[in-house]
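Below you'll find the structure, written out as structure tokens, and then a few comments.
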Amino acid sequence: MAELRLKSHRFRAEREADWRKLERLLDKAEKGGAAKLRRDELLEIPLLYRQALSSLSVARSISLDRSLVDYLESLCTRAYFFVYGARATLPERIAAFFLRDWPLAVQALWRETLVAGGLMLMGTIVAFLLVQADPSWFHGFVPGEVGQGRDPTASTEALRGTLYSAGPRSEGLGAFAAFLFTHNAQVALFAFALGFALCLPTAGLMVFNGCMLGAFLALFASRGLLFGAGGWLMIHGVTELFAVTLAGAAGFSIGWAVAFPGARSRVDAAGEAGRRAATAMAGVVVMLCVAGLLEGFGRQLIQADLARYGVAAGSGVAWLAYFYWPRRRPG
């Protein structure tokens, strides 16, 4: 033991000055950024890092005391991230999110997206048929505060007026858009957050959202206003429903990982799925902002049916191209 302590002392004495120098340079860089280092200091860090790696290798091979090995491992890890790590600025990180990270996360969820979209479509068709057969079903799918007077008791003229009137006054459109954004964000967040419960609550929420849509369409179809109602809904609905669908897909990915983790532990599987889903959900918030603006402003200010369908089609093509255009994955 005495010989081992002596060997450790000599090893540290011969090399400690370089370790401390590397530590000081890393402290300086971490506090003030690489810009605070002089050119000679920047060039010196990789050399000191390689020397520290060599010292770590020797320390492990001759079984020096554990505290020295731990110190060198920590020092080498810090130096590694400085030498090889990405030191992107905030604008660069934001650009990387929109140009690569978000679209790739959405692409990875394509199966879950199809499932979420299919469930919503199924709910739409079922509710549409039920309300057409018996208008009393409408109230089972659409709460009174959401309908805002658009229900089977409203006259055809009143329903037509909701499609083409200015709605809230122009000065109130901002508050109206903010309210709608909050509502849509809550729906999307619930669809995502409830996915961990083996996907079942998320699936129910997707179906229910589809049922609300189908009930509204059936109501207007019964008065010969289906074409106008479609434009009124889709000018913002393409973006909004796509966002909610992606939120449901993110929830499904976590729930599926929890239910079927494969060879990994449930915690590891859920963690991996959660990181991907969280990236997609960060983008969903952006989509909901866009949908809120379209719903609160565009839908009220654009009165022509064809123009509304044009905006809806354009937004749909733009989102599909943005998400699913092939991109090179990071190596």
Exercise. Is it true that V317 is in the same structural domain as A229 (by TED's automatic domain parsing), within 25 Å of G251 (Cβ to Cβ) and part of a helix (DSSP H, G or I)?
Worked result: no
Exercise. Does A35 meet the test of being modelled with pLDDT under 85 and part of a loop (DSSP other than H, G, I, E, B)?
Worked result: no
Exercise. Taking interchain pairs and intrachain pairs at least six residues apart, which have beta carbon atoms under 6 angstrom, with the first residue in region 247-268 and closer than 14 Å to E112 by Cα and exposed (fewer than 13 other Cβ atoms within 10 Å of the Cβ) and the second acidic (D, E) and at pLDDT 85 or above?
Worked result: none
For this session: Considering only region 83-136, state which residues are assigned to a helix (DSSP H, G or I), farther than 22 Å from A277 by Cβ and acidic (D, E).
Result: E92
Seminar exercise, completed: Note on region 156-209: residues outside any helix (DSSP H, G or I) and modelled with pLDDT of 90 or more are C199
Seminar exercise, completed: Of the residues in region 99-113, those that are surrounded by fewer than 13 Cβ atoms within 10 Å (Cβ to Cβ) and modelled with pLDDT of 95 or more come to W110, R111
For this session: May I ask you to say which residue of L64, L43 is over 30 Å from the mean Cα position of the chain (by Cα), outside any helix (DSSP H, G or I) and either modelled with pLDDT of 80 or more or outside the structural domain of V244 (by TED's automatic domain parsing) (or both)?
Result: L64
For this session: Could you list, in sequence order, all residues of region 271-295 that are surrounded by 18 or more Cβ atoms within 10 Å (Cβ to Cβ), more than 17 Å from R111 (Cα to Cα) and of a type in the set (G, A, S)?
Result: G283, A291, G292
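Conditions (1) outside the structural domain of L200 (by TED's automatic domain parsing); (2) among the aromatic types (F, W, Y); (3) in a loop (DSSP other than H, G, I, E, B); (4) closer than 26 Å to G123 by Cβ, marked per residue:
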{"site": "A229", "(1), (2), (3), (4)": "no, no, no, yes"}
{"site": "W232", "(1), (2), (3), (4)": "no, yes, no, yes"}
{"site": "H236", "(1), (2), (3), (4)": "no, no, no, yes"}
{"site": "T245", "(1), (2), (3), (4)": "no, no, no, yes"}
{"site": "A263", "(1), (2), (3), (4)": "no, no, yes, no"}
{"site": "T279", "(1), (2), (3), (4)": "no, no, no, no"}
{"site": "L294", "(1), (2), (3), (4)": "no, no, no, yes"}
{"site": "R299", "(1), (2), (3), (4)": "no, no, no, yes"}
{"site": "R308", "(1), (2), (3), (4)": "no, no, no, yes"}
Seminar exercise, completed: Filtering region 114-127 down to residues that are surrounded by 17 or more Cβ atoms within 10 Å (Cβ to Cβ) and not hydrophobic (A, V, I, L, M, F, W, C) yields G117, G123, T124
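The values are calculated or read from the model by the stated rules, or taken from the named source; none is laboratory data. Keep in mind that what you see is a predicted model, and the values were worked out from it rather than measured. Here the Cβ is made from the backbone with ideal geometry for all residues, glycine too, and neighbour counts use every protein chain on show.
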